[in-house]
1. What is the number of the single condition among (1) near ligand 1 (Cβ under 8 Å from one of its atoms); (2) touching a residue at least 60 places away in the same chain (Cβ under 8 Å); (3) under 19 Å from LYS112 (Cα atoms); (4) not basic (Lys, Arg) that CYS152 does not meet?
2. Only one of these conditions is not met by LEU169: (1) within 14 Å of the chain's Cα centre (by Cα); (2) of a type outside the set (S, T, N, Q); (3) closer than 23 Å to ILE71 by Cβ. Which number is it?
3. Collect the residues in the stretch 164-213 that are hydroxyl-bearing (Ser, Thr, Tyr) and either more than 21 Å from LEU115 (Cα to Cα) or open to solvent by 10 Å² or more (accessible area, probe 1.4 Å) (or both), keeping them in residue-number order.
4. If we only count helices (runs of 4 or more DSSP H) wholly inside the stretch 18-134, which ones have 1 or more residues that are under 28 Å from LYS163 (Cβ atoms) and out of contact with any strand residue (DSSP E or B) (no Cβ under 6 Å at 6 or more places or on another chain)?
5. Which is farther than 25 Å from THR224 by Cα, more than 9 Å from ligand 1 (Cβ to nearest atom) and surrounded by fewer than 16 Cβ atoms within 10 Å (Cβ to Cβ), of ALA70, ALA41?
6. Hey, among the residues in the stretch 230-250 that are open to solvent by 90 Å² or more (accessible area, probe 1.4 Å) and among the hydrophobic types (A, V, I, L, M, F, W, C), which one's nearest to ligand 2 (Cβ to nearest atom)?
7. Considering only residues of the stretch 18-29 that are open to solvent by less than 10 Å² (accessible area, probe 1.4 Å) and not aromatic (Phe, Trp, Tyr), which is farthest from LYS77 (Cα to Cα)?
8. Among the listed residues ILE134, ILE107, ILE126, identify the single one that is surrounded by fewer than 20 Cβ atoms within 10 Å (Cβ to Cβ) and within 27 Å of ASN243 (Cβ to Cβ).
Amino acid sequence: MNRNIFITGATSGFGKAAAKLFAEKGDNLIITGRRKERLDALTKELIDKYNIAVTPLCFDVRNNEEVVNAINSLTNKNIDVLVNNAGLASGLNRIQDGSLDDWEKMIDTNIKGLLYVSKAIMPFMIQNKKGHIINIGSTAGKEVYLNGNVYCASKHAVDAISKSMRMDLLEHGIKVTQICPGAAETEFSEVRLHGDKEKAKQVYAGYQPMTAEDVASVIYYVTTLPENLCINDLVLTSLAQANSFYVENK
Ligand code: NDP
Ligand code: 8X3
């Protein structure tokens with residue numbers, strides 16, 4: 001569609017799958033993440049395959065200076081769609097056993113990182129009187145679950161920020177969509193469980209979770225509606241899952 005799509009956290013999971021889908025549909029991309037080799041490899045793959053423009057920006061969303069410098073380095077700052085996807089869970093314990101380091105990682109990435117990136121991009125959307133911000137929340141931002149505590153809190157914050165953005169940006173004609181996925185098998189659980197691949201696999205045992213491609217197809221879909229329509233908030237799970245804590249194991 002020849003739009004400019006800015007996706008945070010495109011080195012893995014939803015962000016990577018979304019980048020591939022937008023590219024396949026002919027959009028141009030700005031893809032971000034901390035792992036430079038992965039960004040460079042994806043950039044090359046998408047340019048070779050789809051003949052579109054792809055700009056990789058390597059930065060940590062927790063560092064506002066890096067965020068601002070990266071976005072200022074863009075020659076074309078007319079961004080049609082911002083997908084605020086970069087995020088993580090770190091740890092899965094009772095709150096009394098949680099680590100400060102895990103808590104800070106989640107709060108700094110999922111809340112402050114999303115705000116930093118949005119703050120740097122919103123002025124250009126306001127100037128253009130159009131744009132679409134898609135925030136990746138979670139079912140964990142709708143209902144808490146046992147041991148989810150600070151991750152759930154960070155995604156409840158994304159829920160509140162999305163509602164606020166929608167009101168505050170309305171006068172500028174900017175769409176704000178929150179997509180709240182349930183369980184999807186990506187690198188998410190491996191990161192949450194501090195690299196324990198076996199334990200991460202167990203999270204998805206006994207039921208069929210979503211794939212990154214499932215979620216990417218919905219991210220893409222919400223950008224295809226007529227100009228006058230906006231999906232404000234969308235909860236998405238596999239058929240095995242009813243809410244953030246009820247999953248049918250077979
Ligand atoms: P992945 O771990 O597969 O991907 C996470 C992405 O976020 C990576 O590209 C990673 O890039 C990026 N990221 C993490 N921390 C930072 C940082 N500090 N700075 C820049 N980029 C960062 O997980 P998912 O694709 O599953 O997760 C994507 C989003 O979806 C997250 O917000 C997550 O909370 C949310 N979510 C996930 C669900 C799931 O079940 N998988 C369900 C509901 C929501 P890099 O490491 O290269 O920086
Ligand atoms: C990620 C999905 O179920 O771990 O947001 O909360 S879950």
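The values are calculated or read from the model by the stated rules, or taken from the named source; none is laboratory data. Source: prediction; values computed, not measured. Ideal geometry is used to build each Cβ from the backbone, glycine not excepted, and the neighbour counts take in all protein chains shown. SASA here: full protein model, heavy atoms, side chains in, ligands and nucleic acids out. Shrake-Rupley method; radii C 1.70, N 1.55, O 1.52, S 1.80 Å.
1. All conditions pass for CYS152, except number (1).
2. Here LEU169 clears every test but (1).
3. The first filter runs over the stretch 164-213 and keeps only residues hydroxyl-bearing (Ser, Thr, Tyr), leaving 164, 177, 186, 189, 204, 207, 211.
Residues satisfying the conditions are SER164, THR186, SER189, TYR204, TYR207, THR211.
4. Once the helices (runs of 4 or more DSSP H) in the stretch 18-134 are filtered for at least 1 residues that are under 28 Å from LYS163 (Cβ atoms) and out of contact with any strand residue (DSSP E or B) (no Cβ under 6 Å at 6 or more places or on another chain), what remains is 64-72, 100-106, 114-128.
5. Working: ALA70 fails: surrounded by fewer than 16 Cβ atoms within 10 Å (Cβ to Cβ).
Only one candidate qualifies: ALA41.
6. Taking the stretch 230-250 and keeping what is open to solvent by 90 Å² or more (accessible area, probe 1.4 Å), we get 239, 245-246, 248-250.
Next, from what is left, pick out any that are among the hydrophobic types (A, V, I, L, M, F, W, C): 239, 245.
Details: LEU239: 15, PHE245: 8 Å.
Out of the qualifying residues, it is PHE245.
7. Initial filter on the stretch 18-29 (open to solvent by less than 10 Å² (accessible area, probe 1.4 Å)): 18-19, 22-23, 27, 29.
Among the residues that remain, those that are also not aromatic (Phe, Trp, Tyr) are: 18-19, 23, 27, 29.
Working: ALA18: 20, ALA19: 18, ALA23: 18, ASP27: 15, LEU29: 12 Å.
Among residues in the stretch 18-29 that are open to solvent by less than 10 Å² (accessible area, probe 1.4 Å) and not aromatic (Phe, Trp, Tyr), the one farthest from LYS77 (Cα to Cα) is ALA18.
8. Working: ILE134 fails: surrounded by fewer than 20 Cβ atoms within 10 Å (Cβ to Cβ); ILE126 fails: within 27 Å of ASN243 (Cβ to Cβ).
Just a single option satisfies the conditions, and that option is ILE107.
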